[in-house]
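So the structure is just underneath, and the comments pick up after that.
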């Protein structure tokens, strides 16, 4: 198994690692049993623009790289645009992932959506989209 | 400065200079087929016989008890399937193995289950030692074969093979041990150890990949796995891989000569274990003393093994993990799970397998790098964040 240079770049120099105090939206997906947990923090301004996005991830190289790439892809965009982020877009931005690691990109997409849902709940907006939750514990 | 430290000797070993030197004349000069009647064939046959005799001396057994195969996996498949099929004719269709076997054994047993055999998997304790009382209760007069590894490839635990042999034989079952990891690490005297079959692999002891061996005790008959020409006394067909057989022979002799040096390897291993378990929230996997001289397997909580390996690889350290993320299965190590290690902790395991070549500086370099990588990964782990917050409130 071999990772692309882009994946290794985002793994060794992950962008936006950390926490945001008083974040407007926080999303946690995955579970330790499966070996991946992603936690996404969003700072959103009055116009619905994601002004900051940070993450913490427990997981493999692909889990860390997809988290990092996902934060890059949503930062500076509106929450509506962030909701359109697909795992496929994350994979493409990373110049591909080994087939067994594609689930990590799905997790990254879910983490962003879960954080947005948390934001919607906070501002009293109905959550009108679905989140797959592929890694939920039974 | 970046070093290169190979600490994955349980995966494979480099072929030693002496082994290459032993094999070279076979490629260059004695390339005949041992089955040929002519001069070139006879020359090859003499070399084959000599290698078999010398290996018999290493194990204190008879040369007629040694069969060459293509690898450890073939030896395991042959021993288990061959014995199972032979004993089936006697009405025995029950097999007992352990939960921590190599997949070459486990998957062969699984395949036999589909073919009508009943297989029981004896459990292990937290150190990876087979539960002998449970084994005693599982082995009955219906048991065809007991197959338990000599030493575990992941956690390095050495099993009480002599006692397991007694339990198997008390009920008339055959006893096979996969000794792929043990050979070269443990002095095996087959005049004393009463196993019926024992498998080994060349590439774990500085011989090439593609050569294995199965010992079958005189008087024990098992069915063939590979049919064809009459090689290996009609038990294992296929033209003998003479250069590799000679390489295996030399590697086994050297491994035996080097057994006294294992104390030095074990000292380095202990220093490695000591250094790694100083890291908070870490734990040694496997038995503290009944373990292979070169094996250190340590679990680190709140991080995942593949990330750890990738960083170590960047630092020039070759290691291995029991994390699911390093395989296609998404299931963490069956060995750690059988030992009762929770899934989330099994994901953070690191296996380092050192050799005589590993230096004290290498050990320091590994400890230093693992310590800093674990810290780096924990700092970006949401699980660690919770631990830090918990500790702050205490």
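The numbers here are math on the coordinates, done by the rules we state, and not lab data. Note that the structure is predicted; figures quoted are calculated from it, not measured. Don't worry about glycine lacking a Cβ; one is built from the backbone with ideal geometry, like all the others, and counts go over all protein chains shown.
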Practice task
Return the calculated 222 nm mean residue ellipticity for chain B, to the nearest 500 deg cm²/dmol, obtained by summing -39500 (n - 2.57) across DSSP H runs with n ≥ 4 and dividing by the residue count.
Solution key: -13000 deg cm²/dmol
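So how much slack lies between residue B:394 and residue B:257, counting 0.36 nm per residue of separation and subtracting their Cα-Cα distance, in nm?
Values: separation 137, 0.36 × 137 = 49.32 nm, distance 5.53 nm.
So the chain would gain 43.8 nm between residue B:394 and residue B:257.
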Handout entry: Global geometry of segment B:1-149, whether rounded, prolate or oblate, following the gyration tensor of its Cα atoms and the 1.5 cut on a/c
Key = oblate
Exercise for the section: Calculate how many DSSP beta bridges within the protein assembly as shown are antiparallel, expressed in % of all such bridges and rounded to the nearest 5. Expected result: 65 percent
Completion exercise
Residues B:254, B:211, B:314 in order from fewest to most other beta-carbon atoms within 10 Å are B:314, B:254, B:211
Practice task
Extending each Cα 7 Å along its Cβ direction at residue A:31 and residue B:39, get the distance between those two points in nm, one decimal.
Solution key: 7.4 nm
Exercise for the section: Using the number of other C-beta atoms within 10 angstrom as an exposure proxy, rank B:134, B:163, B:227 with the fewest first. Expected result: B:227, B:163, B:134
Handout entry: Anisotropy class of segment B:71-144 from Cα gyration tensor, a/c 1.5 cut
Key = oblate
Handout entry: chain B: most fluctuating residue of B:214, B:309, B:377 per GNM, C-alpha cutoff 10 Å
Key = B:377
Fill in the blank from the handout: Largest fluctuation, B:349, B:333, B:137 only, Gaussian network model of chain B with Cα springs under 10 angstrom, belongs to B:137
Practice task
Could you tell me how many degrees, from 0 to 90 and to the nearest 10, lie between the Cα long axis of helix B:72-88 and the main elongation axis, the longest principal axis, of the Cα atoms of chain B?
Solution key: 60 degrees
Handout entry: Residue order, fewest to most beta carbons within 10 Å, for B:289, B:371
Key = B:289, B:371
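Using only the Cα atoms of the protein assembly as shown, build the gyration tensor, take square roots of its eigenvalues as a ≥ b ≥ c, and label the shape rounded, prolate or oblate: rounded if a/c is under 1.5, else prolate if a/b is larger than b/c, else oblate. Before the final figure, lay out each step's value.
Working: a/c = 2.28, a/b = 2.02, b/c = 1.13.
Verdict is prolate for the protein assembly as shown.
So for chain B: antiparallel DSSP bridges make up what percent, rounded to the nearest 5?
50 percent
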Fill in the blank from the handout: Between residue B:134 and residue A:77, the two model label points (7 Å from Cα along the beta-carbon direction) sit apart by a distance in nm of 5.0 nm
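Taking 0.36 nm per residue of sequence separation and subtracting the Cα-Cα distance, how much length would be gained by fully extending the chain between residue B:290 and residue B:218, in nm to one decimal?
Values: separation 72, 0.36 × 72 = 25.92 nm, distance 3.00 nm.
Working it through step by step, the gained length comes to 22.9 nm.
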Practice task
Obtain the nm distance between the two label points defined at residue B:11 and residue A:13 by a simple spin-label model: each point lies 7 Å from its Cα along the Cα-to-C-beta direction.
Solution key: 2.7 nm
Handout entry: Helix-only CD estimate at 222 nm, as mean residue ellipticity for chain A, using -39500 (n - 2.57) per DSSP H run (n ≥ 4)
Key = -12500 deg cm²/dmol
Exercise for the section: Give me the number: length gained by fully extending residue B:234 to residue B:89, i.e. 0.36 nm times residue separation minus the C-alpha to C-alpha distance, one decimal in nm. Expected result: 50.2 nm
Practice task
With everything on Cα atoms, drop me the angle between helix B:161-170 and the longest principal axis of chain B, reported from 0 to 90° to the nearest 10.
Solution key: 50 degrees
Handout entry: Helix A:61-74 axis, angle to chain A major axis (alpha carbon atoms, nearest 10°)
Key = 40 degrees
